[in-house]
Amino acid sequence: MKLWKLLGMAAFAGVAASGVVVARNQRRRAAYTPDQIRERLHERLAEASRSE
């Protein structure tokens, strides 16, 4: 029974940690203005075109 409790707590900790990572990434994405996103996409497109 203790093994199941340990596995349950480990799973809970994993879900909580992944939620923190997702929230952090979302805040970082939300900090960009639409113009900044457009610039980054144009840069990535130009870089991809050069590598081909």
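Since every read-out is calculated from the coordinates, none of them should be taken as a lab result. Since the structure is predicted, the reported quantities are computational estimates derived from the model, not experimental observations.
Brief remarks follow.
- Full extension of the chain between Ala30 and Ser49 gives 4.1 nm of extra length, using 0.36 nm per residue less the Cα-Cα distance.
- Considering helices alone, the calculated mean residue ellipticity of the chain at 222 nm is -32000 deg cm²/dmol, with DSSP H runs of length four and up weighted by -39500 (n - 2.57) and normalised per residue.
- For the chain, the gyration tensor built on C-alpha atoms gives an oblate shape. Its axis ratio a/c (a ≥ b ≥ c) is at least 1.5, and a/b is not larger than b/c.
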